[in-house]
Amino acid sequence: MNTKKLLIFTVVAILALGGAGFGVYSMKMNAPQFQGIGVDVRGQSDEVIESWETAFQKAVKREDLLKAVIEKSDYATKMGVSGDAAMEDLRKRATARYKSHKSMIEVGVTGQRKEIEALKAISTLVYQGAAEVVAKQDRRFAELIQSRKGR
């Protein structure tokens with residue numbers, strides 16, 4: 001009788017641990033994730049940083065930039081959305097934000113952790129397009145980018 005109870009308890013414990021492990025795994029893979037590229041803005045005034053952040057926020061929402069990213073990255077297939085909904089989906093995901101503790105403006109896309117490989121490729125394209133737009137608008141940013149290319 002003791003052996004049967006022990007066997008039943010062991011099976012129930014293994015199933016409970018397995019279920020809990022799967023739950024934790026699922027929770028982590030569906031966690032929100034930001035993937036982006038940072039622009040180091042150390043040594044710049046707060047006014048300049050704020051203007052660049054605003055310029056990047058506007059640039060990542062531009063329709064021409066979003067269309068180019070969707071075409072180059074095969075966005076609809078990678079993210080599992082229809083071709084028509086891809087533009088709106090990328091508009092929601094693309095973002096630019098200033099991180100004061102890092103002294104960086106991060107430009108990229110948000111998604112789920114399980115999409116990390118696709119997010120890396122897409123965020124690179126978003127950054128490249130947005131950096132071009134901001135460099136055309138602000139000579140200081142263009143000079144910063146040029147000075148960093150030489151390194």
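The values are calculated or read from the model by the stated rules, or taken from the named source; none is laboratory data. Quick caveat: nothing in here was measured; it's all calculated off a predicted structure. Here Cβ is always computed from backbone atoms with ideal geometry, including for glycine, and neighbour counts include all displayed protein chains.
Here LYS67, LYS72, LYS61 are screened, and the one residue that is within 15 Å of THR110 (Cα to Cα), of a type in the set (Lys, Arg) and either part of a helix (DSSP H, G or I) or assigned by TED's automatic domain parsing to the domain that holds GLU115 (or both) is LYS61. It is to be established whether one or more residues within the stretch 21-38 are under 18 Å from LYS136 (Cβ atoms), touching a residue at least 60 places away in the same chain (Cβ under 8 Å) and in a helix (DSSP H, G or I). No, the stretch 21-38 contains no residue that is under 18 Å from LYS136 (Cβ atoms), touching a residue at least 60 places away in the same chain (Cβ under 8 Å) and in a helix (DSSP H, G or I). With respect to the stated conditions, GLU71 fails to be within 30 Å of LEU144 (Cβ to Cβ) and in contact (Cβ under 8 Å) with a residue 12 or more places away in the chain.
Residue-by-condition table, conditions (1) modelled with pLDDT under 90; (2) surrounded by fewer than 18 Cβ atoms within 10 Å (Cβ to Cβ):
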position: VAL48; (1), (2): no, yes
position: GLN57; (1), (2): no, yes
position: LYS61; (1), (2): no, yes
position: MET104; (1), (2): no, no
position: GLY111; (1), (2): yes, no
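You will find that of ALA118, ALA96, the residue that is more than 17 Å from ARG42 (Cβ to Cβ) and in a helix (DSSP H, G or I) is ALA118 and no other. Looking across the stretch 75-85 at every residue that is assigned to a helix (DSSP H, G or I) and among the aliphatic types (A, V, I, L, M), the one that is modelled with the highest pLDDT is identified as ALA85. The number of residues in the stretch 42-67 being closer than 16 Å to LEU144 by Cα, of a type in the set (Gly, Ala, Ser) and touching a residue at least 24 places away in the same chain (Cβ under 8 Å) comes to 2. You will find that of GLU53, GLU47, GLU88, the residue that is part of a helix (DSSP H, G or I) and either farther than 30 Å from GLU143 by Cβ or of a type in the set (A, V, I, L, M) (or both) is GLU88 and no other. Here ILE8 does not fit the description of being modelled with pLDDT of 90 or more and of a type in the set (A, V, I, L, M, F, W, C).
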